[in-house]
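*Asks:* I'd like to ask you about the structure that follows.
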Amino acid sequence: MSHVMNTYARLPVAFERGEGCWLWDTSGKRYLDAMAGVAVCGLGHSHPKFVAVLRAQVGRLVHTSNLYQIPLQEKLADRLAAISGMENVFFCNSGCEANEAAIKLARLYGHKKNVEAPAIVVMEKAFHGRTIATLSATGSRKVQAGFEPLVAGFVRVPFDDLEAVRRVAEANRSVVAVLVELLQGEGGVNVCHDDYLKGLREICEAHEWLLMLDEVQSGMGRTGKWFAFQHTGVAPDVMPLAKGLGNGLPIGACLAAGAAAQLFKPGNHGSTFGGNPLACAAALATLDIIEEERLMDNAVKVGDFIRAELARQIGGIKGVREIRGKGLMIGIELEAACGELVQQALDRGVLINVTVDNVVRLLPPLTFGTEEAGLLLATLVPLITRFLDRQSAPQAAAQTA
Ligand SMILES: *Cc1c(COP(=O)(O)O)cnc(C)c1O
């Protein structure tokens, strides 16, 4: 019996080694990685420059404490501010922690405005993490079930629906912020319309709310810009980051600007590990390499190629609802639950994911080339068409199975 708690439905495979977009399991079988550890390993595996930076930092200094100055943290905060236009950064270790910091900022902001019980508008199908506060902000009953009582102070509205947010603004004087993913990742790679963020910004301005953008999954070059909001011309007040930030070294960050940037004072928030020298060195190297290798341009090129090919090859066929996403954050929504595709792709040496039961999700490394994209499509497209054939002729499939 395993001594590891049973919190994951793990696939029956363990990886031993990785190189670029490829992983090898313990039996030596090779897999094309179209998941990047859930949008984490943007540089792919064992990137030589990344490895060299980590090796050097491990030999020099791993951890001190936020009791002391950490120059690498200062340097990383400067870099993040420069690429985002935000003012300052709180460092933590994960996406849920970055969102916890955002939620705490919103509450401080509310109390400063004399709102007794500050509330935050959150979205249906949102995912913000699995701590008690962030699962309360998350729009999935599956994530919340069994952990009641939920944290109070969240008002939920449908995603991509400005009218719903306006109605809340009229009715609820306790709201002080909106927390939203521009592209919902776990919720099914849901894309909002072009003017959604602009509309949210207008509502936030009118009611003095903070606009808080969870870019934990969509950030760090994944959509073809450093951050998804940079496609829109509208900037947030608060922005939680994690996943791709350290290319696999655990690091999260909550960026803030304007009124949100000066809320935390010594003693308000903290983290033992947050922003330690090793994690910061990893993030700085990640930023350097994304820039040097023009990986954001690659994400646009290869992402557009994959979506165009998917549209051409399976776009019109019965059972395919929509092909969507931005850059290398890609979703294929089918009409039927298709979780079985994950194991079938694994058998064929390709790592994919299915979220919300019926959306095939692809999050390849930002280094994914058109050659790898071709290999991915050559495996995935026949799997999807075969799956859909069986859906429409279940009896024939049962006979041949
Ligand atoms: C993954 C994710 C989180 C949670 O990150 P953890 O590091 O697992 O805590 C939060 N928000 C979004 C949008 C995510 O995709």
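The values are calculated or read from the model by the stated rules, or taken from the named source; none is laboratory data. Keep in mind it's a predicted model, so treat the numbers as computed, not measured. When we count neighbours, we look across all protein chains shown, and the Cβ atoms used for this are built from the backbone with ideal geometry, even at glycine.
*Asks:* Among the residues of region 85-122, write down those that are assigned to a helix (DSSP H, G or I) and either more than 16 Å from the ligand (Cβ to nearest atom) or loosely packed, with under 15 Cβ neighbours inside 10 Å (or both).
*Replies:* Residues of region 85-122 assigned to a helix (DSSP H, G or I): 95-112.
Of everything in region 85-122, those that are assigned to a helix (DSSP H, G or I) and either more than 16 Å from the ligand (Cβ to nearest atom) or loosely packed, with under 15 Cβ neighbours inside 10 Å (or both) turn out to be 107, 108, 109, 110, 111, 112.
*Asks:* Of 170, 208, 202, which residue is more than 16 Å from the ligand (Cβ to nearest atom), of a type in the set (Asp, Glu) and on the phi > 0 side of the Ramachandran plot? Quick ask: steps written out before the conclusion?
*Replies:* On the way: 170 fails: on the phi > 0 side of the Ramachandran plot; 202 fails: on the phi > 0 side of the Ramachandran plot.
It is 208.
*Asks:* Which members of region 123-152 meet the condition of being within 16 Å of the ligand (Cβ to nearest atom) and small (Gly, Ala, Ser)? Show your work before the answer.
*Replies:* Just the residues of region 123-152 that are within 16 Å of the ligand (Cβ to nearest atom), to begin with: 123-140, 142-144, 147, 151.
126, 129, 133, 136, 137, 139, 140 - these are the residues of region 123-152 that are within 16 Å of the ligand (Cβ to nearest atom) and small (Gly, Ala, Ser).
*Asks:* Considering only region 213-254, how many residues are crowded, with 24+ Cβ neighbours inside 10 Å, more than 12 Å from the ligand (Cβ to nearest atom) and under 24 Å from residue 176 (Cβ atoms)? So that I can check it myself, show each step before the final result.
*Replies:* Restricting attention to region 213-254, the residues satisfying the condition of being crowded, with 24+ Cβ neighbours inside 10 Å are 213-223, 227-228, 236-247, 251-254.
After this cut, where a residue has to be more than 12 Å from the ligand (Cβ to nearest atom) as well, the list is 221, 223, 227, 236-238, 247.
Subset that is under 24 Å from residue 176 (Cβ atoms): 227, 236-238.
Residues in region 213-254 being crowded, with 24+ Cβ neighbours inside 10 Å, more than 12 Å from the ligand (Cβ to nearest atom) and under 24 Å from residue 176 (Cβ atoms): 4 in total.
*Asks:* Can you tell me how many residues in region 307-335 are under 24 Å from residue 43 (Cα atoms) and basic (Lys, Arg)?
*Replies:* Qualifying residue count, region 307-335: 3.
*Asks:* Then there is this: Restricted to region 323-377, and to residues that are buried (at least 21 other Cβ atoms within 10 Å of the Cβ) and basic (Lys, Arg), which residue is nearest to residue 226 (Cα to Cα)?
*Replies:* Among residues in region 323-377 that are buried (at least 21 other Cβ atoms within 10 Å of the Cβ) and basic (Lys, Arg), the one nearest to residue 226 (Cα to Cα) is 326.
*Asks:* Go through region 186-199 and give me each residue that's within 14 Å of the ligand (Cβ to nearest atom) and either touching a Ser or Thr at 6+ places or on another chain (Cβ under 7 Å) or at pLDDT below 95 (or both).
*Replies:* 186, 188
*Asks:* Would you be able to say whether some residue in region 153-166 is in a loop (DSSP other than H, G, I, E, B), farther than 30 Å from residue 69 by Cβ, among the hydrophobic types (A, V, I, L, M, F, W, C) and within 14 Å of the ligand (Cβ to nearest atom)? Outline the logic, then answer.
*Replies:* So in region 153-166, the residues in a loop (DSSP other than H, G, I, E, B) come out as 153, 158-161.
Narrowing the set further to residues that are farther than 30 Å from residue 69 by Cβ leaves 153, 158-161.
When the remaining residues are screened for being among the hydrophobic types (A, V, I, L, M, F, W, C), the result is 159.
In the following step, the residues that additionally are within 14 Å of the ligand (Cβ to nearest atom) were identified as 159.
Yes: one or more hits.
*Asks:* Tell me, which residue of region 190-242 that is of a type in the set (Phe, Trp, Tyr) and outside any loop (DSSP other than H, G, I, E, B) is nearest to the chain's Cα centre (by Cα)?
*Replies:* Let us first name the residues in region 190-242 that are of a type in the set (Phe, Trp, Tyr), namely 196, 209, 226-227, 229.
Cutting the leftovers down to outside any loop (DSSP other than H, G, I, E, B) gives us 196, 229.
Values: 196: 19, 229: 13 Å.
Among those that are of a type in the set (Phe, Trp, Tyr) and outside any loop (DSSP other than H, G, I, E, B), it is 229.
*Asks:* Let me ask something else. Which residues, counting only those in region 138-163, are farther than 22 Å from residue 8 by Cβ and either among the aliphatic types (A, V, I, L, M) or in contact (Cβ under 8 Å) with a residue 24 or more places away in the chain (or both)?
*Replies:* Passing the criteria: 150, 151, 152, 153, 154, 155, 156, 157, 158, 159, 160, 162.
*Asks:* Looking at region 1-43, what strands (runs of 3 or more DSSP E) fall wholly within it and have at least 2 residues that are closer than 27 Å to residue 331 by Cβ and touching a helix residue (DSSP H, G or I) at 6+ places or on another chain (Cβ under 8 Å)? Break it down into steps so the answer makes sense when it comes.
*Replies:* Numbers: elements: 15-19, 22-25, 30-33.
Hits in region 1-43: 30-33.
*Asks:* Give the residues of region 44-67 that are of a type in the set (Gly, Ala, Ser), closer than 30 Å to residue 186 by Cβ and either in contact (Cβ under 8 Å) with a residue 40 or more places away in the chain or assigned to a helix (DSSP H, G or I) (or both), sorted by residue number. Can you show your working first?
*Replies:* In the first step, residues of region 44-67 are kept if they are of a type in the set (Gly, Ala, Ser); the result is 44, 46, 52, 56, 59, 65.
Still in the running and closer than 30 Å to residue 186 by Cβ: 44, 46.
Matches in region 44-67: 44 only.
*Asks:* Going by what's in this entry, would residue 140 be described as surrounded by fewer than 19 Cβ atoms within 10 Å (Cβ to Cβ) and of a type in the set (S, T, N, Q)?
*Replies:* Values: surrounded by fewer than 19 Cβ atoms within 10 Å (Cβ to Cβ): yes; of a type in the set (S, T, N, Q): yes.
Taking the combined requirement at face value, the residue satisfies it.
*Asks:* Let me ask another. Just wondering, is there one or more residues in region 68-81 that are surrounded by 14 or more Cβ atoms within 10 Å (Cβ to Cβ), away from the ligand (no atom under 16 Å from the Cβ), under 19 Å from the mean Cα position of the chain (by Cα) and part of a helix (DSSP H, G or I)? It would help to see each step written out before you state the result.
*Replies:* Going residue by residue through region 68-81, those that are surrounded by 14 or more Cβ atoms within 10 Å (Cβ to Cβ) are 70, 72-73, 75-77, 79-81.
From the residues that got through so far, the ones that are away from the ligand (no atom under 16 Å from the Cβ) too are 70, 72-73, 75-77, 79-81.
So of that shortlist, the ones also under 19 Å from the mean Cα position of the chain (by Cα) come out as 80.
Filter once more, so that each one left must be part of a helix (DSSP H, G or I): 80.
For region 68-81, residues surrounded by 14 or more Cβ atoms within 10 Å (Cβ to Cβ), away from the ligand (no atom under 16 Å from the Cβ), under 19 Å from the mean Cα position of the chain (by Cα) and part of a helix (DSSP H, G or I): present.
*Asks:* Now a separate question. Taking region 29-56, which residues are within 16 Å of the ligand (Cβ to nearest atom), at positive phi and surrounded by fewer than 24 Cβ atoms within 10 Å (Cβ to Cβ)?
*Replies:* Our first condition is that a residue be within 16 Å of the ligand (Cβ to nearest atom); within region 29-56, this holds for 35-42.
Right, trim to at positive phi and you get 36-39.
37, 38, listed by residue number.
*Asks:* If we scan region 258-270, do we find a residue that is over 18 Å from the mean Cα position of the chain (by Cα), surrounded by 24 or more Cβ atoms within 10 Å (Cβ to Cβ) and in contact (Cβ under 8 Å) with a residue 40 or more places away in the chain? Before you say what the answer is, go through the steps one by one.
*Replies:* Going through region 258-270, the residues over 18 Å from the mean Cα position of the chain (by Cα) turn out to be 258-270.
Retained after the next criterion (residues that are surrounded by 24 or more Cβ atoms within 10 Å (Cβ to Cβ)): 260.
Now drop any that are not in contact (Cβ under 8 Å) with a residue 40 or more places away in the chain, which leaves 260.
Yes, region 258-270 contains at least one residue that is over 18 Å from the mean Cα position of the chain (by Cα), surrounded by 24 or more Cβ atoms within 10 Å (Cβ to Cβ) and in contact (Cβ under 8 Å) with a residue 40 or more places away in the chain.
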